[in-house]
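Structure, as structure tokens:
The values are calculated or read from the model by the stated rules, or taken from the named source; none is laboratory data. As the structure is a computational prediction, the values presented were derived from the model and not from experiment. Here Cβ is always computed from backbone atoms with ideal geometry, including for glycine, and neighbour counts include all displayed protein chains. When the accessible area is computed, the model is the full protein with side chains, heavy atoms only, and any ligands, DNA or RNA have been set aside. Shrake-Rupley method; radii C 1.70, N 1.55, O 1.52, S 1.80 Å.
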Amino acid sequence: MTAGSGNKDFSKAERIKIHQPDANKADRLNPNNRIYVRAVHGVWTQLRRRMGWIAMAFFLLLPWLPWGDRQAVWFNLAEQKFHIFGLTIWPQDLTLLAAVFMIAAFGLFFITTYLGRVWCGYTCPQTVWTFIFIWFEEKIEGARNKRIKLDQMPWSFNKIWRKTAKHSVWLLISWVTAMTFVSYFVPTTELYQDFFSLNAGGGIYFWVMFFTLATYGNAGWMREIMCLHMCPYARFQSAMFDKNTYIVGYDAARGETRGPRSRKADPKALGLGDCIDCDLCVQVCPTGIDIRNGLQYECINCGACIDACDQTMDRMGYQQGLISYTTENKLEGKQEKVLRPKLLGYGAILIIMILLLSYATASIAPMRVDIIRDRNTLYRINVDGLIENTYTLKILNKTEQAHVHYFEVSGLTNYQWIGPQQVSSKGGEILVLPVSIEVDPVDLNRSITKMTIKVLTEIDGEQVVVEQETRFFSQ
């Protein structure tokens, strides 16, 4: 998913102009300021490509996966419930989503401390979509050097049709991305039917258009600008790095002094290191940096420069690994430490939070009961001289099946239940039920009595009891 390569060699000045744009120019998107990523093949590029396609396929196919009478993953904002396979999360359970986000954050901290910015280089949506766009760009406009030439040429039929085809493909990919994203919130089949029949609401068309343009702009035009100037992760990642974090590093002790030479020449006799100064590591970098200048926050740990350098080392007959995944301690000849307090701390917190989330998820009650007292009258004495309290029961059926509910009261003696003794609710229904409880004053020894209303429901052959405490007021 990287862009193409070519045969023409550019001068040193031309390479600097292409890869290190003039920061004083206002037009950042001028073709002369663009980064033209060169194609590269190798272990890390192949790994990144496969992970990107897997992530893309997962994203595109997941909304089409059925689960009963609905899709497997559906964030139903209209009814305020999230369906994730067999789990339904209601607003009352949103703390679980907060816990998921916290786990994701600490997982990112742990991975970053250990392996650097591999999230950015291999699985970040910005990276995945950018490399997909670059791949199509190469297929339509040609290899890197051909793209540079094309942008420098005056407008012609060849340039117009290639640019039109490229941007059309980009927009098509962006539209598919937008439709897929929206289908996580709107049932997929309903979305496509209504969209093409022009029966969808205005909000649907707005969000599809918004995400289409956002994807097209981010992956097609902004690319490294998002990583360098807009993504906050690039700015605070240094807080998680230490000298034992795996980074893409250049072995300066082995590579310097750099310089060109023939394959048969002895670099030691010439006073040179293994780096032949071919600049391929710069040309394949999606953010346009020179890794030989040391660790830089712009580096996304994608490993493209490693593959390019290893290919050059193979051609020259040198040992691979001049650029590699390594640590600062290793580059300085010091001992590496894999297990260190920061990494162990992140790992411990991550494991604890995962266990707590698993327990909380397994403990989600299939029913929820809320009791609301009549706020206008604490109690009243009816014609039979009994003390009466009025309540409103809200029963939330969190399951997707219909159930029958029965009621019991504990904490009161000789009470009378005024209202239905059993009710049924549909899956996902919130049932509102007004009831009254009557008690003879003789059976009450205080003005406020604690009581509990129990809702009994049989689910999958087991009786589930959900209870809620409230108060019974008397004179």
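Full extension of the chain segment joining residue 242 with residue 423 gains 59.0 nm, where the gain is 0.36 nm per residue of separation less the Cα-Cα distance. Surface exposure of the chain, expressed per residue as accessible area with a 1.4 Å probe, stands at 53 Å².
Excluding same-chain neighbours fewer than eight residues apart, the aspartates and glutamates reachable from residue 159 by a Cα-Cα span under 16 Å are 137, 138, 141, 151.
Computed about its Cα centre, the charge dipole of region 317-441 is approximately 800 debye, with only Lys, Arg, Asp and Glu carrying charge at their Cβ. The magnitude of the dipole of region 314-356, with charges of +1 and -1 set on the Cβ of Lys/Arg and Asp/Glu and taken from the Cα centre, is near 120 debye. The dipole here belongs to the chain: it is taken about the Cα centre, uses +1 on the Cβ of Lys and Arg and -1 on the Cβ of Asp and Glu, and is about 2660 debye.
Full extension of the chain segment joining residue 163 with residue 462 gains 101.2 nm, where the gain is 0.36 nm per residue of separation less the Cα-Cα distance. Near the amide H of residue 247, within less than 5 Å, lie the amide hydrogens of 326, 327, all on another chain or at least 5 residues away, with H placed in the peptide plane. Per-residue packing, averaged as other Cβ atoms within 10 Å, sorts the ranges 132-145, 350-363 into the order 132-145, 350-363, beginning with the highest. Ranking 131, 233, 101 by Cα position along the charge dipole of the chain, where only Lys, Arg, Asp and Glu carry charges on their C-beta atoms, puts 131 farthest toward the positive end.
In sequence order, region 67-78 has phi-based couplings of 8, x, 9, 9, 7, 5, 10, 8, 8, 7, 5, 4 Hz under the Karplus curve 6.51 cos²θ - 1.76 cosθ + 1.60, θ = phi - 60°, and Gly or Pro positions carry x.
Run the Debye formula on the Cα coordinates of region 374-467, all scatterers equal and no solvent, and tell me log10 I(q)/I(0) at q = 0.13, 0.22 1/Å. Computed log10 I(q)/I(0) values: -0.51, -1.13. Computed from the C-beta positions of residue 430 and residue 87 and an R0 of 22 Å, the FRET efficiency is 0.75 to the nearest 0.05.
Among 106, 206, the order of accessible area from largest down is 206, 106, computed with a 1.4 Å probe on protein heavy atoms. Using C-alpha pairs below 8 Å separated by at least 6 residues, the relative contact order for region 49-89 is 23 percent. With both labels modelled 7 Å from their Cα along Cα-to-Cβ, the residue 394 to residue 196 distance reads 4.2 nm.
Shown for region 47-115: the carbon plus sulfur share of the solvent-accessible area, taken with all protein chains present and a 1.4 angstrom probe, equals 77%. Remark on residue 459: its backbone amide H falls under 5 Å from those of 464, a criterion applied only to residues 5 or more positions apart or on other chains, H modelled at 1.01 Å from N. Scattering from the C-alpha atoms of the chain alone, worked out with Debye: what is log10 I(q)/I(0) at q = 0.12, 0.13 1/Å? Each listed q corresponds, in turn, to -1.13, -1.24. On the beta carbon distance between residue 376 and residue 210, with R0 = 41 Å, the FRET formula returns roughly 0.30.
Taking the accessible area of region 238-377, probe 1.4 Å, and keeping the other protein chains in place, the carbon and sulfur fraction comes to 56%. Helix 94-115: angle to the longest alpha-carbon principal axis of the chain, degrees 0 to 90, nearest 10? Tilt of helix 94-115: around 20 degrees. For the chain, the longest principal axis of the alpha carbon atoms and the long axis of helix 125-141 meet at an angle near 40°. Compared with the dominant principal axis of the Cα atoms in the chain, helix 43-61 is inclined by about 30°. The phi torsions of region 228-241, fed into the Karplus equation with coefficients 6.51, -1.76 and 1.60 and a -60° offset, translate into couplings of 7, 10, 10, 7, x, 4, 5, 7, 9, 4, 4, 5, 9, 7 Hz, rounded to whole numbers, with Gly and Pro shown as x.
Estimated at 0.36 nm per residue, the fully extended path between residue 54 and residue 315 surpasses their Cα-Cα distance by 90.8 nm.
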